[in-house]
Ligand SMILES: [Zn+2]
């Protein structure tokens, strides 16, 4: 179920990155698909979220409708209390509220896990253990270059965060993320650390190196960097299969 999972006992903060196994979805969504709710069977996605919630021993798992922007959504006590097992489907389920449109989530509510869904894009998880504040960020190429990581750090600081730690999940690596030369040059202009070349010698973008640089600039160290989704078959990869499901980066404050 997980490629990485940290024990919340030590710091009071839990961190997990799921892989594709351990769920009930089939075909390109096999098996632990936590996204693509418009295409996968609703019942399968709900069951996958139920397994995630049970396994993490959290009360709720909150997701957002990701649009490659820089909006940070806060999960409040009220929102957490209103969560139901079909909430992750958004308005794909009858009578359900649409998901908040955002690419980062922050919360201080214990037991309310927040998750970012990805398949090659970079999931970044942030925690300020002393102030009991956590955040999850969807940092694909567009979001990273637009400053979604900085926006999330600012949102945490505004809520009193002191020392922050970061975890970077599975993502398409700089050796594999081939892009047109003009796109690579544009990225390197905004964030020089993203400059990379594929193993076959063409222009590429290194999303993780870019995020590490942004975090370092803010005085934030990285505890963990996940593997490459394109070359590790345990993960959904949009580049490998455009119909692929979604894994998640999940962070929560222990109850
Ligand atoms: Zn790779």
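Listing for the model above:
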| read-out | value |
| --- | --- |
| Distribution of pairwise C-alpha distances over the range 2-253, 5 Å bins, in % | 1, 7, 14, 19, 20, 17, 12, 7, 2, 0, 0 |
| Dimensions (Å) - the range 48-109, Cα atoms, principal axes, largest first | 30, 29, 21 |
| Set of the range 4-24 residues, backbone N closer than 11 Å to the point 7 Å along the Cα-Cβ line of residue 232 | 4-5, 17-20 |
| The range 13-47 and the range 147-223: distance between their alpha carbon centers, rounded to Å | 26 Å |
| Calculated FRET value between residue 130 and residue 101, using beta carbons and R₀ = 45 Å, to 0.05 | 0.90 |
| Net lengthening on full extension, residue 181/residue 84 (0.36 nm per residue, minus Cα-Cα) | 30.4 nm |
| For the range 1-65, diffusion coefficient by Stokes-Einstein and Kirkwood Rh (Cα), 25 °C, 0.890 mPa s, µm²/s | 197 µm²/s |
| Radius of gyration and maximum dimension Dmax of the range 125-255, Cα, Å | 15.3, 48 |
| Extension gain (nm, one decimal) between residue 9 and residue 47, 0.36 nm per residue minus Cα-Cα | 11.0 nm |
| Label-point separation in nm, residue 189 to residue 67, each point 7 Å along Cα→Cβ | 2.6 nm |
| FRET efficiency estimate (nearest 0.05) - Cβ-Cβ, residue 21 to residue 239, R0 22 angstrom | 0.65 |
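No value in this document is a laboratory result; all are computed from the given coordinates. Note that the structure is predicted; figures quoted are calculated from it, not measured. Ideal geometry is used to build each Cβ from the backbone, glycine not excepted, and the neighbour counts take in all protein chains shown.
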